[in-house]
Structure formats: structure tokens, C-alpha cells
Amino acid sequence: MKLFKYFLIAGFISFLLGAIPASAQEVDIHFFYGDGCPHCTKEEEFLATLTDQYPEVQINYYETYNDSNNANLLKEVGEQLEADVRGVPVTFINDEYVSGFYDEELTGSQIRQAIDKCLAGECSNQIQEIINNFSGSSNDNLAWYTLGGVAVLVFVSVLLFRKFGK
């Protein structure tokens, strides 16, 4: 009986720790690029340096030349956020966006300013909802499915313990 209680407590604590968001100030970068695009390559190299400077930044990569799903996603995001997405690279920093990449001084500075603005809490993250709805996946749904799975596991464990644990 004691082992069963410890199992339930440990499972509940693990679930609660998994449900806590990592950071309230997390900044999502959504980088749409094309294989073979020289400006995209320059920006990709620049973005790789940002994660050391900004640990709150998470970069998501979407190749659009060879992946029609990503190309359609870029089009959808552009329509929803009223952004000019006629070419790549296009970079969304939460809902701020930068089209093209010239160099680290000019375009890199714009990207850093957008990150700083988002870290200060001055931008929204509507793009994540657009992406979740487009792809049909959502971390919120995953949390509810996990909760349902844990509830079923606990229910079955209680039934088995009552039947065989006496």
C-alpha cells in the first residue's frame, strides 16, 4: 500500500513539473528559408550566434523550396499577420517580422531589436497559434491528452489494487 501511495505522489509531482512553462519571457523565432538561397545561409549563420547571447530564444526552421507544407505555412502566416512574405528569408520574432537579410549590422540589428522588444513584454505571440492551427498540433492539446492518460492510469491502478492488493 505504501509503495502505491509513493507511486501516485511521484507521478502527480512529475506531471505538475511538466506542466510548468519554462519561461514567461521566451521568444520564438520562426525562420523561413530556402535551400541554396545565399541570403538565407547568411542569416542562418547569424541566427546560430543568437542562442548564446539570448538563452530565452528558441529558433524554429522552415525550409520552403523543397517542402510545400512549409511554403503554404509561410503564406498562411503572412496572410494572418498581414506580412509581406513574397520571398525568403523571412523571420518572425514572435509577431514582429523581418524580410530578407543583408548583413549582421543592418538586418541583424533589426532582429536583435525585435528580440529585445519581446523580452520586454512588448510583443505578442499570435504566430504560434497560427502555426498550431495550421499543422493541427498543439502543446495545449498534448497536455490535455497527457492528463487524460494519467487519469486513466491512476483509475486502472486503483481498480487493480482493490482487486488484487488485499
Under 15 Å from residue 117, Cα to Cα: aspartates and glutamates that are on another chain or at least 8 residues apart
26, 28, 56, 95, 96
May I ask you to compute the full-extension gain from residue 161 to residue 75, defined as 0.36 nm times their residue separation minus their alpha-carbon distance, rounded to one decimal in nm?
25.6 nm
Would you kindly calculate the mean projected area, averaged across all directions, of the convex hull enclosing the Cα atoms of region 27-135, in square nanometres?
6.2 nm²
Please list, or write none, the aspartates and glutamates whose alpha carbon is within less than 17 Å of the alpha carbon of residue 42, excluding same-chain residues fewer than 8 places away.
63, 103, 104, 105
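Read-outs throughout are calculated quantities, based only on the coordinates presented, and are distinct from any laboratory measurement. Since the model is a prediction, treat every value here as computed from it, not as a measurement.
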